[in-house]
Amino acid sequence: MTPEETWWEATRDQLLLLQFCPACRRYQHYPRFVCTGCGGHDLEFRAAAGTGVIGSFTVVHRAETPYILGRVRLTEGPVLLTHLVDLPDPHCDLPVRLAWRAQPGGRHLPVFRSADDGL
Amino acid sequence: MSVAIVGAAECDLGQTGKSVLELQTQAVTRALADAGIPLSEVDGIATNGISRFSATQLADYLGLQPSWSDSSFAGGAVFEMYVARAAQAIDAGQCRTVVISFASNQRSARSRKLAGVVEEGTPEAAFEAPYQPLYPISYYAMTAQRYLHTYGLTRADLASVAVAARARAQLNPAAWTYGKGPLTVDDVLAAPMISTPLGALDCCLVTDGGGAIVLTSAARARHLPQTPVKVLGYGEALTHTGMATAPDLLHTGAGAAAARAFSQAALGPADIDVVQLYDSFTISVPLGLEALGFAKPGEGLHATIPHNTGGGGLAYCHPGQFGVLLLVEAVRQLRGDSGARTALVHGTGGIFSSHATVILGVDR
Ligand SMILES: [Zn+2]
């Protein structure tokens, strides 16, 4: 499997994987065949904690139902492009946590919701 | 470096109903006429956006067999990169007369898509497309959101960029919005929302258009009709293609590109008289002026350096890759009666993906 396939397969179990380089102890996303920190190839996958903060976001209005696109900086370091859900008042620097949206075929798409929504 | 821009021109702009090659031909032949150089003397071509073999295609169409060409693709920044490549090629003796050109009929052809194009097989297709970002608008929108948040500003503050661009375009008869009257902050705020905080009037125009410039050695330029516009420095920076790659949305490649150009020219921001920077969206202007050294972080909306004098992509013309017209306007300013002796041109491509700065000057 390619790193990309491994990553998507893990979403079936609602696992958000990040590539980790033991040589430079650094996480990266999206998964690829090289560590962008040291150029090494011996990367392993680790499950992300699923916590982060909103770096920025935009409400996309060119759709029947507007949706919130966001850049979430994970606690481990990498930034994900994602959707922010159940967030009536999104703002930069808000803590968020991982949630999942089912996709056709059993995979899931990671999305993020408020970290303190009591759920 | 001893290379100068000796000719510059626009093709027809706006909604032309013309083909790309007709507009390209207009741009090239008008720029050559401006330079006083016959078409047959062109031995270098840099262009894209025509076909897979863009420079070769244009050479075929014009009946030329150039000894140098460049069809690099890096979005709207590439024309500033072509200047660097052309200056190197002329200095190295690989060619003598280079035409850099671009034209698009995107308004007439209705070829611009708001969602953009996602190329299959890229990481963006796998990891970003499922979230349906508008390309490139949503990236600039997230940058704008972060900018307003960081500096405690509002959409109305950003709207002032569109208002100022429209005002400048009222002095430029070639501008798409010429004669359409002034814009108010309320107009900008009331325009349809596209991707918050950017509404329709925070976005550059979608028009046909293009232009061309002609470069040759500074030694030869002295014998040509126009005041030679010397290439004093250039610099580039490529930073990302993905919307999640850049660690900091407010730290673009513009600073690195400009620093390289300033270093080569042995000049600094205080030495520059006029700036042409790629105003794809309102946010691009303050953020760009800050990165280029013309304002402190967060103070770009109050920068006093004259910039985007023709109205820019927001109010004058935006044919999809605006970079060539930044150069044309810079040449116009340096030859004109504004008294400007130095100009900085900064092109940007994609989602702040590629950056290229060129510093130009005239002896006055
Ligand atoms: Zn590493």
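The values are calculated or read from the model by the stated rules, or taken from the named source; none is laboratory data. Quantities reported herein were computed from a predicted structural model and do not represent experimental measurements. Backbone-built Cβ (ideal geometry, glycine too); neighbour counts: all protein chains shown. SASA here: full protein model, heavy atoms, side chains in, ligands and nucleic acids out. Shrake-Rupley method; radii C 1.70, N 1.55, O 1.52, S 1.80 Å.
Backbone phi angles across region A:22-38, fed through the Karplus curve with coefficients 6.51, -1.76 and 1.60 (θ = phi - 60°), yield HN-Hα couplings of x, 5, 10, 6, 9, 9, 9, 8, 6, x, 8, 8, 9, 7, 7, x, 10 Hz in residue order; Gly and Pro are listed as x. Distance from the Cα centroid of region B:259-317 to that of region B:44-119 is 24 Å (rounded to whole angstrom). With a cut-off of 12 Å between beta carbons, the residues surrounding A:LEU74 carry a summed charge of +3, where Lys and Arg count +1 and Asp and Glu -1. Starting from the Cα of B:THR122, step 7 Å toward the Cβ, then list every residue of region A:28-54 with an amide N under 15 Å from that point. From region A:28-54, the list is A:30. When chain B is treated as a GNM, springs tying every alpha-carbon pair under 10 Å, which of B:ARG168, B:ARG332, B:ARG110 comes out with the largest mean-square fluctuation? Among B:ARG168, B:ARG332, B:ARG110, the largest mean-square fluctuation in the Gaussian network model of chain B belongs to B:ARG110. Per residue, region B:247-286 exposes 34 Å² of accessible surface when a 1.4 Å probe is rolled over the protein heavy atoms with every protein chain present.
Compute for chains A and B the buried accessible surface, both sides summed, probe 1.4 Å, and express it in Å² to the nearest 100. For chain A against chain B, roughly 2500 Å² becomes buried. Within the accessible area of chain A, the carbon and sulfur atoms contribute 52%, probe 1.4 Å, all protein chains present. As a calculated quantity, the FRET efficiency between B:LYS296 and B:SER160 at R0 = 22 Å, using C-beta atoms, amounts to about 0.80. Per residue, the solvent-accessible area of region B:9-146 (1.4 Å probe, heavy atoms of protein chains only, all protein chains present) comes to 42 Å². Only protein atoms count toward the accessible area here, which uses a 1.4 Å probe; on region B:270-318, the carbon and sulfur part of that area reaches 52 percent. Label-to-label distance for A:THR2 and B:ASP363 is 5.7 nm, based on points extended 7 Å past Cα in the beta-carbon direction. Accessible surface for A:THR82 stands near 0 Å², nearest 10, in the context of the full protein assembly shown (1.4 Å probe).
In a DSSP loop and with at most 10 other Cβ atoms within 10 Å, the GluC sites (Glu not before Pro) in region A:16-119 are A:GLU64. In summary, no lysines lie within cross-link reach of B:LYS18, defined as a Cα separation below 18 angstrom excluding same-chain residues under 8 places away.
Report, to the nearest 10°, how far helix B:254-265 tilts away from the longest principal axis of the Cα atoms in chain B, using its own Cα long axis and a range of 0 to 90°. Helix B:254-265 and the main axis of chain B meet at about 30 degrees.
Split the accessible area of region B:1-93 by element, probe 1.4 Å, and carbon with sulfur accounts for 46%.
Around B:THR196, under 11 Å between beta carbons, what's the net of Lys plus Arg minus Asp minus Glu among the other residues?
Values: positive: B:ARG155; negative: B:ASP202.
Net of charged neighbours comes to 0.
If I fit a long axis through the Cα atoms of helix B:323-335 and take the longest principal axis of the Cα atoms of chain B, what angle between them do I get, 0 to 90°, rounded to 10? On a 0 to 90 degree scale, this one is about 70.
Angle check, please: helix B:78-91 long axis (alpha carbons) against the longest principal axis of chain B (alpha carbons), in degrees 0 to 90, nearest 10. Result, in degrees: 30.
When chain B is treated as a GNM with alpha-carbon contacts under 10 Å, the residue of B:PHE352, B:PHE53, B:PHE127 showing the greatest mean-square fluctuation is B:PHE127.
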